[in-house]
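Chemist: Once you've had a glance at the structure underneath, I'll fire off some questions.
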Amino acid sequence: MNRRNLMAALAALAAAPAAAQTAAADGMRIVLVGTSGPLPVRDRAKPCVAILVGGGLYLVDVGPESTENMMSWRLPVASARAVFLSHLHSDHIGDLGEFNMQSWVQGRERPLALVGPSGVDKVARGFNQAYENDHLFRRAHHERDGFRFPIAAGQIEPRVIRIPASAATATAWRDGDLTVTAIRVSHDPVSPAFGYRFDYRGRSVSISGDTMKWPAFAEASKGVDVMVHEAQDEAMTRQLSQALKGMGNARTSSMMADTLSYHATPVEAADIARAAGAKRLVLYHLTQAGLPIFTPEAFTRGMDDGGPLDWRLAKDGMTIDLPSGSDEIRFGQL
Ligand SMILES: [Zn+2]
Ligand SMILES: [Zn+2]
């Protein structure tokens, strides 16, 4: 390892305040931490969106590989307050244990709230149990010279949100000027499944989680600055399913075909963003991005047909800053 690489590696380990922290001081910073679907894709972690707001870090989903991204970008993980789960598919929850452990080791002082549909209680219990030995080992080894590793602060604390049948949304979190609303979406047979909307000092973002085209999500996202919506191309999915069958992998081919029923196409996501009057649309959970059959041109074909819309495809590390007291929407890349 040459000196430059060594310094870069050390910088990634250092817990010094990251640029991300300062940018979030007044307003909201959104970081697309993981933007792939469940298939293995190089350069894309599985679904995870970070929101830095009011001095805290919040996540919507925490898919596999997302913690590594956050650590290497030096996001202020010790300030983590809550993880909101859209639903309980593995590609959305797989890194929960790692994220909880890392944010605690970095100095998180309170338990991590795990907010979401019924079942998050079971998920929290399981991860707490799986990491119990790890936390005890770390405390026994590292707790000295004033450095504390309180076991209680390392816990995941579930908070089940129930949206009554008569309603489409429920308040999921309130902290100062921040309100997070859970929005029922449709990812049947995975039910309940939620999207989330964050509102802070006049700025807003909504995140779909996994859903088919769902007008109630547009309704609950009215006027948002940014909509982050999942997207999966139908023709590419069929093509992939066929190819897998041809390669003798009937099992995966069949599973691939099943996914057509519970995701939204890029064109459908664009329709939903227009119906909501969203100022920007970012497509994520890009199941096919990175596969040989994928081209951005084919994937996004038809998105502009329904009228003007400012949209883009997410990449891991994409940032969106929404300063308070302003209409500005500033995109960047970590
Ligand atoms: Zn998913
Ligand atoms: Zn899913």
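The values are calculated or read from the model by the stated rules, or taken from the named source; none is laboratory data. Computed from a predicted structure; not experimentally measured. Cβ coordinates were reconstructed from backbone atoms using ideal geometry, including for glycine residues, and neighbour counts include every protein chain displayed. Accessible surface areas use protein heavy atoms only, side chains included; no ligands, DNA or RNA. Shrake-Rupley method; radii C 1.70, N 1.55, O 1.52, S 1.80 Å.
Chemist: Helix 234-246 against the longest principal axis of the chain: what's the angle in degrees, Cα atoms only, rounded to the nearest 10?
Modeler: Computed tilt is about 90 degrees.
Chemist: What percent does the relative contact order of the chain come to when contacts are Cα pairs within less than 8 Å and at least six residues apart?
Modeler: Details: 748 pairs, mean separation 56.2, N = 334.
The value is 17 percent.
Chemist: Choose one answer from H92, H142, H229: the residue with the largest mean-square fluctuation in a GNM of the chain with alpha-carbon springs under 10 Å.
Modeler: H142
Chemist: So, one more: Given that compact globular proteins tend to follow 2.2 N^0.38 Å, what is the ratio of the alpha-carbon Rg of region 45-110 to that value? Numbers along the way, then the final one.
Modeler: Working: Rg = 10.7 Å, N = 66, 2.2 N^0.38 = 10.8 Å.
With N residues counted in region 45-110, Rg over 2.2 N^0.38 Å equals 0.99.
Chemist: Follow-up. Could you list, in their original order, any pairs among K222/K315; K245/K315; K222/K279; K213/K245 whose Cα atoms are separated by more than 22 Å? Display every interim value, and only then the final one.
Modeler: Details: K222/K315 25 Å; K245/K315 30 Å; K222/K279 10 Å; K213/K245 28 Å.
Too far apart for the 22 Å limit: K222/K315; K245/K315; K213/K245.
Chemist: Now a separate question. Tell me the relative contact order for region 56-127 as a rounded percent, counting alpha carbon contacts under 8 Å between residues six or more apart. Could the numbers behind the result be given before it?
Modeler: Values: 105 pairs, mean separation 26.6, N = 72.
Computed value for region 56-127: 37 percent relative contact order.
Chemist: Please name whichever of F137, V224, I207 sits farthest to the positive end of the charge dipole of the chain, dipole taken about the Cα centre and charges placed at Cβ: Lys and Arg +1, Asp and Glu -1.
Modeler: F137
Chemist: Can you figure out the FRET efficiency of R144 with R110, using R₀ = 30 Å and their beta-carbon distance, to the nearest 0.05? Write down the numbers at each step before the final one.
Modeler: Values: r = 22 Å, r/R0 = 0.74.
The pair R144/R110 has a calculated efficiency of 0.85.
Chemist: Suppose the chain between D310 and T295 were pulled fully straight at 0.36 nm per residue; how much longer would it get relative to their current alpha carbon spacing? The partial results should precede the final answer.
Modeler: Details: separation 15, 0.36 × 15 = 5.40 nm, distance 1.93 nm.
Full extension of this stretch gives 3.5 nm more.
Chemist: Among 264-271, 106-113, how do they line up by average Cβ neighbours within 10 Å per residue, starting with the highest?
Modeler: Values: 264-271: 23.5, 106-113: 17.1.
Order by mean packing, descending: 264-271, 106-113.
Chemist: Which whole-number value in Å³ per residue fits the convex hull of the alpha carbons of the chain?
Modeler: Values: hull volume 52.1 nm³, N = 334.
Once divided by residue count, the hull of the chain is 156 Å³.
Chemist: What is the magnitude of the charge dipole of the chain about its Cα centre, with +1 placed on the Cβ of each Lys and Arg, -1 on the Cβ of each Asp and Glu, and no other charges, expressed in debye to the nearest 20? Please report the intermediate quantities before stating the final value.
Modeler: Values: 35 positive and 36 negative charges, 110 e Å.
In total the dipole reaches around 520 debye.
Chemist: In deg cm²/dmol and to the nearest 500, what is the mean residue ellipticity at 222 nm of the chain if only DSSP H runs of at least 4 residues count, each as -39500 (n - 2.57), divided by the residue total?
Modeler: -8500 deg cm²/dmol
Chemist: Please determine, in degrees from 0 to 90 and to the nearest 10, the orientation of helix 120-130 with respect to the longest principal axis defined by the Cα atoms of the chain, where the helix direction is its Cα long axis.
Modeler: 50
Chemist: Work from the charge dipole of region 25-333 (Cβ charges, +1 for Lys and Arg, -1 for Asp and Glu, about the Cα centre) and give the residue of S166, A270, I156 farthest towards its positive end.
Modeler: Working it through, the farthest residue towards the positive pole turns out to be I156.
Chemist: Please list 237-248, 77-88, 299-310 highest first by mean number of surrounding beta-carbon atoms within 10 Å per residue. If you can, show how the numbers build up before the last one.
Modeler: On the way: 237-248: 15.1, 77-88: 23.2, 299-310: 13.4.
In descending order of packing, they fall as 77-88, 237-248, 299-310.
Chemist: Moving to a separate point now. Determine the share of the chain's accessible area contributed by carbon and sulfur atoms, expressed in whole percent, with a 1.4 angstrom probe.
Modeler: On the way: 7870 of 15170 Å².
Carbon with sulfur: 52 percent of the solvent-accessible area.
Chemist: Looking at region 202-286 from every direction and averaging, what is the projected area of its Cα convex hull in nm²? Let's see the in-between values first.
Modeler: On the way: hull surface 20.9 nm².
Seen from a random direction, the Cα hull of region 202-286 projects 5.2 nm² on average.
Chemist: Output the antiparallel fraction of DSSP beta bridges having both residues in the chain, as a percent to the nearest 5.
Modeler: Here the share of antiparallel DSSP bridges comes out near 60 percent.
Chemist: Once you order the gyration tensor axes a ≥ b ≥ c over the Cα atoms, which shape class does region 179-334 get: rounded for a/c under 1.5, otherwise prolate or oblate by comparing a/b with b/c? Each step should come with its number before you reach the end.
Modeler: Values: a/c = 2.20, a/b = 1.70, b/c = 1.29.
Prolate, because a/c is 1.5 or more and a/b exceeds b/c.
Chemist: I've got another one for you. For the chain, set up a Gaussian network in which alpha carbons nearer than 10 Å are linked by springs, and say which option among E98, E230, E297 fluctuates the most.
Modeler: E297
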